[in-house]
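Remarks on the structure that follows.
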Amino acid sequence: MSNFFSKAEVTSSGRPVLLHNEVECHLLSAVDLEPEDHRHFSLLKSGLLILTTHRLIWLPSSSASTPTSASAIPLAAISHIFSSKKSLKSVFHSPRIRFQVLVSSDGRVFDPSSGSGSSSGSGSRSVVVTAVIRGKGDCDGFLVKFWDSWRARAWETTKISSSGSGSASGSGAATGIGGGLYSSDGSVRMVGVAGILRKEQEMWESTDKSLQDAFQDLNALMSKAKEMVMLAEKMRQKLLSGTSSQTSGTNDEDMGSKEEMQDWLLSVGIISPVTKESAGALYHQQLSRQLADFVRIPLERAGGMINLIDAYCLFNRARGTELISPDDMLQACSLWEKFDVPVMLRKFDSGVMVIQNKSHSDEEVFARIKSLVTKPEALRTGISPTDAAMTLGIAPAMAKEHLLTAESKGLLCRDISPDGFRFYINLFPEIDPCNMYFVKDYGICSTWIKAVSTTGIGERSSTFR
């Protein structure tokens, strides 16, 4: 049985990797994709169907008994979409969406991006594929957006803008996002509206000059937004190439430091944010997966752990106008337990919640804290959360949580004064209850006695002599 569908790439959290200028439009759960020739083509059962401006992407269910890779059907390969017919029979079975797909001579879906096969060649033919929606979802709404995306043919504009930018820069790499089709927040609805505005603007030019000037100002604003997104894409390419290139120092001199570039990328935002309109009932599930992908870079910069409030601010800033509520953020984080994602939500004993990598180890943090607190100066005066923050390279609030956790493990002791918290190394494990006045010549307790004796406060250790 041949592999009929094209393969699609997914992220570590199970989200699809979108193509250049590709934006999500609608999602449906529990969808089967059934080609009409079952004997020669494989079937895809009970997966998530995602409609974008360029493709139909099918993702396997996490509870599937047999492993199945993500698949895709380019909208360019679809030659016809059948209208939905309402009948008495349709009331008693699952909703169905039928469309006709061009198949190349090798028995696979025609993929214009791969350069293999031909949509009009003598060796090509067509196959009817049926999408059976077994889950709860807006099938009619999906069909309407399916028609709109297929008729908009956004992939053709992507080719034109990519070839134009490639010839101008002398390279074939994609250097921009948007191509004038999308607004600064990446809303897919701008694909159709932009075309209508262009036609209406031609009429307004001959009737009302004031309206023409107003829309010229709007176009100027849109072009500035497009330039910002193009700059972000250039910096992203620099970051990706800089990790494996030996000339990363030269690149940093031209584009700024790596940290500054990451800040700029975060401020530009997410190209295709998950919304309630596009995801429907799957909103929190897809939001959870997109959030897991987004926090990867902030976690790397924060040492593997970031405060939930900080992550909420960064994520909302990146989403632009598609803001989410704190409840949506918390619910999205709580769903990570059900998904195979590399991050997790953690709640400290004090109630502070953080996002951390699953590979994050508290033992490594405790080892660094112990190394800091056993220094001669720290043995005499202790350490504050600010001291630990400078050593660990994290915020003082997060450092305080680590110190309190180390205290609960018996590594530190806490002193509360008007100046705040100060933490000391815990000497009690080295004290023998049967011989409290005996001090070994080695160990942390002996080191502490030597440290405090050199400061003129050796009388404090007389109890141990």
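Things worth noting here:
- For Met344, the solvent-accessible surface with a 1.4 Å probe is about 70 Å², rounded to the nearest 10.
- Solvent-accessible area per residue for the range 274-351 (1.4 angstrom probe, square angstrom): 48
- Net charge of neighbours whose Cβ lies under 14 Å from the Cβ of Asp349, counting Lys and Arg as +1 and Asp and Glu as -1: +2
- Each Lys and Arg Cβ is given +1 and each Asp and Glu Cβ -1; about its Cα centre, the range 278-357 then shows a dipole of about 120 debye.
- For the range 372-454, accessible area per residue (1.4 Å probe, heavy atoms of protein chains only), Å²: 57
- In the range 279-396, the portion of solvent-accessible area held by carbon and sulfur atoms comes to 53 percent [1.4 Å probe, whole percent, DNA, RNA and ligands not counted].
- Taken per residue, the accessible surface of the range 5-55 reaches 36 Å², heavy atoms only and a 1.4 Å probe.
- Applying 1/(1 + (r/R0)^6) with R0 = 60 Å to the Cβ-Cβ distance of Arg368 and Lys85 gives a FRET efficiency near 0.35.
The values are calculated or read from the model by the stated rules, or taken from the named source; none is laboratory data. Because the structure is a prediction, the values reported are computed rather than measured. Methodologically, a virtual Cβ is constructed for each residue, glycine included, from the backbone with ideal geometry; neighbour enumeration extends over all protein chains shown. Surface areas here come from the heavy atoms of the whole protein model, side chains and all, with no ligands, DNA or RNA. Shrake-Rupley method; radii C 1.70, N 1.55, O 1.52, S 1.80 Å.
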